[in-house]
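Asker: Before I ask anything, here is the structure I am working with.
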Amino acid sequence: MSTQTKGWQGTVLKLMGGADVRLTVLHTDDVTPHYRRVRMNAGGLFVRKAYHPTMWLRCWFPTDDGSSTLHHRAYTVVDPDPEADEFTVEFALHAGAASDWARRARPGDTLDATFQGSKYAVPDPLPAGYLIAGDSASVPAIRSLLGALPDTLPVTLWLETVHESDHDLPIAATPATTVHRIPRRDGGAALVEAVQAGVFDAPDHAAWIACDTVTTRALGSIFKSRYGVARGALKAQGYWIA
């Protein structure tokens, strides 16, 4: 058993009202060679917190680098079943402590997590449509968001891919969703170019972005200045540092 702790980050989250839970692996599913789903018992999470679209947890992973503290990363709550107290975490596999843990995960394994600060609501009244941009790391949140939208609401989705198998990732596109898959190039430049090339007048739309930090900032600027999306209708979060 790991003797690593959550360190000062865990202490701060606790002081800010973070809710700690212990997750237990129920089963795993390899969607592609680079993408794994891990079904979890939620450890009572849904008794304490109501589910909302794009809800996420900060998960704590052991490392073998000699550090005294656990590595932490945020993951979206996917396919929740509050009555059964279960949900799924989806891992885009690469190098790092989180992916290493996911590759080794077996039924009965446990993982500590903290819920703090996660909130997002689909606008009410609904916008005329949605603009969404993301990559394999944000596919779980994109699925969660699309699942909360009416099937008839127009959605334009730009999805950056790295592996050919990323085309097989489940995004749960609605009948009114137009999906553009963009192979990653030059640190996200291809995705930015694709969004610029597709400009249309969308001041009555909402937008949601989650890519690497640099690309996220660039796309946020384009959605506001070129598409006309209002600042208050834009949700942008850098999921990782390129």
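Asker: Would you please list the contacts, defined by Cβ atoms under 8 Å and residues six or more apart or on different chains, that run from a residue in segment 62-73 that is touching a residue at least 12 places away in the same chain (Cβ under 8 Å) to a residue that is among the charged types (D, E, K, R) and surrounded by 16 or more Cβ atoms within 10 Å (Cβ to Cβ)?
Answerer: Thr69/Lys6; Leu70/Lys6; Leu70/Asp112; His72/Lys6; His72/Arg58; Arg73/Arg58
Asker: Consider segment 192-214. How many of its residues are within 16 Å of Gln237 (Cα to Cα) and touching a residue at least 40 places away in the same chain (Cβ under 8 Å)?
Answerer: 7
Asker: Can we say Ala128 is closer than 27 Å to Lys49 by Cβ, at pLDDT 90 or above and of a type in the set (Gly, Ala, Ser)?
Answerer: When the stated conditions are applied, Ala128 does not pass them.
Asker: May I ask you to verify whether Thr156 is surrounded by 17 or more Cβ atoms within 10 Å (Cβ to Cβ), modelled with pLDDT of 90 or more and out of contact with any Pro (no Cβ under 8 Å at 6 or more places or on another chain)?
Answerer: It is true that Thr156 is surrounded by 17 or more Cβ atoms within 10 Å (Cβ to Cβ), modelled with pLDDT of 90 or more and out of contact with any Pro (no Cβ under 8 Å at 6 or more places or on another chain).
Asker: Return yes when Asp168 is under 24 Å from His52 (Cβ atoms) and either exposed (fewer than 14 other Cβ atoms within 10 Å of the Cβ) or in contact with a strand residue (DSSP E or B) (Cβ under 6 Å, 6 or more places away or on another chain) (or both) and no when it is not.
Answerer: no
Rundown of residues vs (1) in the same structural domain as Tyr227 (by TED's automatic domain parsing); (2) at pLDDT below 90; (3) farther than 30 Å from Trp158 by Cβ, yes/no style:
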| position | (1), (2), (3) |
| --- | --- |
| Val47 | no, no, yes |
| Asp65 | no, yes, yes |
| Leu70 | no, no, yes |
| Thr76 | no, no, no |
| Val89 | no, no, no |
| Leu93 | no, no, no |
| Arg104 | no, no, yes |
| Gly108 | no, no, yes |
| Asp135 | yes, no, no |
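Asker: Please go through segment 131-162 and pick out each residue that is in a strand (DSSP E or B) and hydroxyl-bearing (Ser, Thr, Tyr).
Answerer: Matches in segment 131-162: Thr156, Thr161.
Asker: Okay, next question. Could you check segment 178-191 and list, in sequence order, the residues that are of a type in the set (D, E, K, R) and either closer than 23 Å to Leu146 by Cβ or touching a Leu at 6+ places or on another chain (Cβ under 9 Å) (or both)?
Answerer: Across segment 178-191, the qualifying residues are Arg181, Arg184, Arg185.
Asker: Here's another thing I want to ask about it. Check off (1) over 21 Å from the mean Cα position of the chain (by Cα); (2) assigned to a strand (DSSP E or B) for Pro175 and give me the number that stays unchecked.
Answerer: So the condition that Pro175 fails would be (2).
Asker: Show the residue pairs meeting these rules: Cβ distance below 9 Å; 6+ apart or different chains; first residue within segment 160-182 and on the phi > 0 side of the Ramachandran plot; second residue crowded, with 17+ Cβ neighbours inside 10 Å.
Answerer: Between residues of segment 160-182 that are on the phi > 0 side of the Ramachandran plot and residues that are crowded, with 17+ Cβ neighbours inside 10 Å, the close pairs are Ala172/Ile142; Ala172/Arg143; Ala172/Ser144; Ala172/Leu146.
Asker: Under 9 Å by Cβ, and 6 or more places apart or on different chains, what pairs join a residue from segment 111-126 that is closer than 20 Å to Ala236 by Cβ with one that is in a loop (DSSP other than H, G, I, E, B) and among the basic types (Lys, Arg)?
Answerer: Filtered contacts from segment 111-126: Ser118/Lys49.
Asker: Find the residue count for segment 192-214, including only residues that are hydrophobic (A, V, I, L, M, F, W, C), closer than 25 Å to Met55 by Cβ and either in contact with a Leu (Cβ under 6 Å, 6 or more places away or on another chain) or not in a loop (DSSP other than H, G, I, E, B) (or both).
Answerer: Residues in segment 192-214 being hydrophobic (A, V, I, L, M, F, W, C), closer than 25 Å to Met55 by Cβ and either in contact with a Leu (Cβ under 6 Å, 6 or more places away or on another chain) or not in a loop (DSSP other than H, G, I, E, B) (or both): 5 in total.
Asker: Which residue is surrounded by the most Cβ atoms within 10 Å (Cβ to Cβ), if the candidates are limited to segment 25-39 and must be modelled with pLDDT under 95 and under 17 Å from the mean Cα position of the chain (by Cα)?
Answerer: Tyr35
Asker: Residue by residue through segment 94-110, note down the ones that are without any contact (Cβ under 8 Å) to a residue 60 or more places away in the chain and either among the hydrophobic types (A, V, I, L, M, F, W, C) or surrounded by 21 or more Cβ atoms within 10 Å (Cβ to Cβ) (or both).
Answerer: Ala95, Ala97, Ala98, Trp101
The values are calculated or read from the model by the stated rules, or taken from the named source; none is laboratory data. As the structure is a prediction and not an experimental result, all values here were calculated from the model. Glycine also receives a Cβ, built like all others from the backbone with ideal geometry; neighbour counts cover every protein chain displayed.
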